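Here is the structure we will look at, set down as structure tokens.
We did not get these values from a lab; they are worked out from the coordinates using the rules stated. This is a predicted model, so every value here is computed, not measured. We place every Cβ from the backbone using ideal geometry, glycine too, and count neighbours over all the protein chains shown.
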Amino acid sequence: MKPVKKSPSKKESFAGKTIVIGVLGADPHGIANKLIEFALNDEGFRVVNLGIMTSQQEFIEAAIEAKADALFVSSIYGHGEIDARDFRENCREMGLDNILIYIGGNLVVGRQDWIEVETKFKTMGFDRVYPPGNTLQQGIADLKKDLGTRAKRTQR
């Protein structure tokens with residue numbers, strides 16, 4: 001009888017992936033940050049949670065130390081546009097050329113057209129941009145898809 005080869009579950013296939021999360025800038029809002037941590041842990045990811053009021057430099061240093069696969073950046077207080085300026089470039093300067101960077105929340109002050117906000121942040125180098133009220137499930141599904149696509153590219 002041949003041994004049965006167990007296929008990895010979806011959770012097991014992401015168990016080696018590390019995600020650094022935190023709330024960018026002087027933003028003191030932390031509830032969503034904890035929910036993101038719990039949801040990512042539940043999906044089998046290793047999570048490094050930097051908490052609230054986190055600088056770009058702290059994100060980058062944590063990503064390097066943890067050998068992170070992605071950054072989940074939150075901004076609730078409306079100043080994400082200012083706090084996130086040059087984030088991608090700063091990552092590149094520190095050797096994080098290909099890290100996935102997602103951002104979500106109340107990213108700008110006042111009501112602005114979401115398509116314009118999303119375009120602005122993608123132009124800044126963010127891979128995914130989420131509006132207020134977006135579901136964690138969507139962000140996690142996108143992360144799994146992006147990590148899977150990246151793995152397929154490196155196997156070629």
Using a Gaussian network for the chain with springs between C-alpha atoms less than 10 Å apart, which of these wobbles most: V108, V23, V129?
V108
Electrostatic dipole magnitude of the chain [Cβ: Lys, Arg +1; Asp, Glu -1; Cα centre; debye, to 20]
1140
One finds the C-alpha centres of the range 77-127 and the range 32-68 to be spaced, in Å, by 16
Once you keep just the Cα pairs under 8 angstrom separated by 6 or more residues, what percentage relative contact order results for the chain?
20
Tilt relative to the chain, helix 56-66 - C-alpha long axis, 0 to 90 degrees, to 10:
10
Rounded, prolate or oblate for the range 26-156? Axes are the square roots of the Cα gyration tensor eigenvalues, ordered a ≥ b ≥ c, and the cut-off for rounded is a/c under 1.5.
rounded
So what's the net charge close to G78: Lys and Arg +1, Asp and Glu -1, counting the other residues with Cβ under 13 Å from its Cβ?
-2
Highest-MSF residue in the chain out of G16, G51, G125 [GNM, Cα springs under 10 Å]
G16
